[in-house]
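Structure first, commentary second.
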Amino acid sequence: MNENSVILCRNLARHYQVGTQTVQALRSVSLTISRGEYVAIMGPSGSGKSTLMNLIGCLDTPTAGDYILNKIEVSKMTDDELAEIRNKEIGFVFQTFNLLPRYSALENVMLPMIYAGVDKKSREQRALEVLASVDLSDRVKHRPNELSGGQRQRVAIARALVNRPSIILADEPTGNLDSKTSVDIMNLFGQIHTAGNTVIIVTHEEDVAKYAYRIIRLRDGMIEHDHLQTAKSSL
């Protein structure tokens, strides 16, 4: 294993039983993602990209193969062990933001630290720090319904960053945003990557993938193409 690897997948497969039929959502995928990379995972519907995201995000376990995350073998872990690894190692950003409506921006961002057992004073200090880093210092007390779509996604990104995870994993992060706000959010991911974070974006949009430095394309549960590119600069 490369000393700089944060993700190592070897012959990763995920099969589902649907009635009497076995659906091979992912078939023997092997890949390495190094610390500090900016990767887009692409593919049409049914290509296996969501299945791969769920495995990389420790939301599911493979039918076969090995998955090593930050030097930890996670493919055989129990649900409780996976939950602990998820909270520590992975910062999630979802298309639908997944913010708790009754909580303020500050409270939403502090949540992962509560699960990690961080004391209240440290939680608040760190949450304010990451909210400032996404330009939301003036919105910390606002609830999600008092924020624009772009601001809600910034809260979600701050929440993803708060535990200093090994990777930021974003699933269609601009899917619910207009084009101008999408550019702002993708520029923010670029800044997060420049600051040293490993960023993985799962998307079907070519415009979004252009911001990454590496594109992995899936088809029929297998890697069809894996190539480096010159990323689109921040606008």
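Quick notes on this structure:
- Val29 touching a residue at least 40 places away in the same chain (Cβ under 8 Å), of a type in the set (A, V, I, L, M, F, W, C) and in contact with a strand residue (DSSP E or B) (Cβ under 7 Å, 6 or more places away or on another chain): yes
- Residues satisfying the stated conditions in region 189-202, i.e. β-branched (Val, Ile, Thr), surrounded by 15 or more Cβ atoms within 10 Å (Cβ to Cβ) and out of contact with any Leu (no Cβ under 6 Å at 6 or more places or on another chain): Ile192, Thr198, Val199, Ile201, Val202
- From the options Leu136, Leu161, residue that is over 16 Å from Gln95 (Cα atoms) and in contact with a His (Cβ under 9 Å, 6 or more places away or on another chain): Leu136
- Restricting region 36-48 to residues that are outside any strand (DSSP E or B) and in contact with an Asp or Glu (Cβ under 9 Å, 6 or more places away or on another chain), the residue that is surrounded by the fewest Cβ atoms within 10 Å (Cβ to Cβ): Gly46
- Of everything in region 203-226 that is part of a strand (DSSP E or B) and touching a Pro at 6+ places or on another chain (Cβ under 9 Å), the residue that is surrounded by the most Cβ atoms within 10 Å (Cβ to Cβ) is Leu218.
- Entry remark, region 1-29: residues being part of a strand (DSSP E or B) and within 23 Å of Ser45 (Cβ to Cβ) number 17 in total.
- Tallying residues that are among the β-branched types (Val, Ile, Thr), over 17 Å from Ser28 (Cβ atoms) and either touching a residue at least 12 places away in the same chain (Cβ under 8 Å) or buried (at least 20 other Cβ atoms within 10 Å of the Cβ) (or both) within region 49-92 yields 4.
- Looking only at region 1-25, and only at residues there that are more than 20 Å from Arg214 (Cα to Cα) and touching a Ser or Thr at 6+ places or on another chain (Cβ under 6 Å), the one that is surrounded by the fewest Cβ atoms within 10 Å (Cβ to Cβ): Asn11
Quick note: the coordinates plus some simple rules give every number you see, no bench work behind them. Predicted model only: the values in this text are computed from it and were never measured. FYI the Cβ positions are ideal-geometry reconstructions off the backbone, even for glycines, and counts take in every protein chain you see.
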